[in-house]
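Quick notes on the structure that follows.
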Amino acid sequence: MRRQKESFERFGRLEFFGFWRFNARMNGAPSDIWRLLLVTYWYPPAVGAAAERLHAFARYLPAQGFECHVLTARRSSSPQHKGVVLHPVEDPLDSGAPIMADYAPGRTAGVLADHVRDLVFPDRFLHWAHAAIREGRSILRERRIDAIMVSFPPASAVLAAVELAEASGLPLIVDLRDRWLGPGGYSPKSSQARHRHLQLERRAIARSGAVVTVSEPLADAAALEHGYPRGKIWVIPNGYDPSAGLVTDNSRTEAEPPLKRTGLTIAHVGTVIERNRPDLFFETIRQLKQSGALSDVRFRFVGNLSPDYPTEAGLSEFVESTGLVSHEQANLEMRRADALLLLTGAYVGQWGISAKLFEYLYAGRPILCLEESPGSNDRLLLESIAAERTFAAPMSDADSLTRALAALRALVAKHPSPLEPPAGLATFDRTHQVAQLGRRLKELLLSIR
């Protein structure tokens, strides 16, 4: 009887939402306006590649005929744009502490913490997801929404979007920025937790009218592992936003006070994450400490590297950390450095392209790309559109790094000012990428209208 009751309740919700959407389509806004419910935990003022990607989707889709309703976590001073309606939802477990904690190689949460994470499915954002489902139902009752789009990770956001899509009958589009299981997603310790994650992933993909990924390898894997039509998987790679405060003229840089330094300053600007293997990089720096190869080099980390780590590791002579800074200040740091450091772990090198790579190229500085595994996607892209300013080496090879630094010094001596962005970078302009996404979304919605 209970299962029968749940079945009737579910049918009632579908019937209600289906009738409401038909009635709203007939009596609502003009049919050339499509309304998209975008579900994402990460959205500015949160920082990072996820927030920037979803902000670009919401910001530029209105130019393609969409009104975007963004269902996200409540934060202070989220940006407002025409054609974008924010629906912030409180996260009951938000402690107010910075989401991006300081990173120091060697510090781990421990085995107990890993097992505790398995007990909270799908992740610590679950309570926010329940609140988002309630808010999403309210949005669907009050507004004509044509489709739901969600970005992974976190999995809780996907759970919320799937629940809303199943209850309303609306088409679902899942944006996969990472592999579900693995360094970019989840690494459950218990077989039960792993099984539950795989179930949720299969449920989301099976419910999707289309899947978006950040790379061709991710798209191929999704098609193979889920038996999903490859033609319904759209690749929208990471990119850069030309209006996001990036400085492109030398005058502003020259007007700023120069860094108090001598020698070569190489900046790592952005989040330091374990899967990009900063531990290997610091070990190589430790090996070179006595060689003299770093006598004039200063690695400046702008972001979440623990300010105490360089001293703790005995590397303060060569490494410094600014801590977290504003997005505008981070952009300025890119321009003021002599070169930019890109750490590419094996996972990212195989499945995607580092989001910061595009801002690095736009900033016009040479790039030192250090790989955990040879032939990474990052290196291949850099060498295809900006070979003259790319210096690559294996992350754990001290001799190769020494040679790359020598070649880098020569280029900086020849071109001390920022270079123009390479012509091939235009392909990754987010305005162009979102225009492509908008066309695909319209085709999908028209096909099922």
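The values are calculated or read from the model by the stated rules, or taken from the named source; none is laboratory data. Worth saying up front: this structure is predicted, and the values here are computed from it rather than measured. Using ideal geometry, Cβ is built from the backbone for each residue, glycine included, and neighbour counts are taken over all protein chains shown.
Structure notes:
- Filtered by the rule that a residue be within 19 Å of Phe428 (Cβ to Cβ) and assigned to a strand (DSSP E or B), the range 356-375 gives Ile367, Cys369.
- Residue selected from the range 368-378 under the condition among the charged types (D, E, K, R) and buried (at least 22 other Cβ atoms within 10 Å of the Cβ), by the criterion farthest from Phe299 (Cα to Cα): Asp378
- Residues located in the range 40-52, provided they are in contact with a Lys or Arg (Cβ under 7 Å, 6 or more places away or on another chain) and not in a loop (DSSP other than H, G, I, E, B): Ala50
- Residue in the range 276-293 that is crowded, with 21+ Cβ neighbours inside 10 Å, at pLDDT 80 or above, in contact with a Gly (Cβ under 8 Å, 6 or more places away or on another chain) and in the same structural domain as Pro421 (by TED's automatic domain parsing) present: yes
- Residues of the range 60-88 satisfying the condition of being surrounded by fewer than 21 Cβ atoms within 10 Å (Cβ to Cβ), touching a residue at least 60 places away in the same chain (Cβ under 8 Å) and within 17 Å of Ala161 (Cα to Cα): none
- Ile148 under 25 Å from Ile353 (Cα atoms) and in contact with a strand residue (DSSP E or B) (Cβ under 6 Å, 6 or more places away or on another chain): no
- Count of residues meeting criterion [part of a strand (DSSP E or B) and either among the hydroxyl-bearing types (Ser, Thr, Tyr) or out of contact with any Phe, Trp or Tyr (no Cβ under 6 Å at 6 or more places or on another chain) (or both)] in the range 72-91: 7
- Tally, over the range 393-414, of residues that are in contact (Cβ under 8 Å) with a residue 24 or more places away in the chain and over 19 Å from Lys289 (Cβ atoms): 2
- Scanning the range 426-449 for residues that are crowded, with 18+ Cβ neighbours inside 10 Å and touching a helix residue (DSSP H, G or I) at 6+ places or on another chain (Cβ under 6 Å) returns Phe428, Arg430, Val434, Gly438.
- Looking at Ile205, Ile173, Ile148, just one residue is without any contact (Cβ under 8 Å) to a residue 60 or more places away in the chain and either of a type in the set (A, V, I, L, M, F, W, C) or at positive phi (or both), and that residue is Ile205.
- Any chance Leu119 is at pLDDT 80 or above, surrounded by fewer than 14 Cβ atoms within 10 Å (Cβ to Cβ) and not acidic (Asp, Glu): yes
- Among the residues of the range 127-143, those that are modelled with pLDDT of 95 or more, out of contact with any Leu (no Cβ under 8 Å at 6 or more places or on another chain) and basic (Lys, Arg) comprise Arg134, Arg141.
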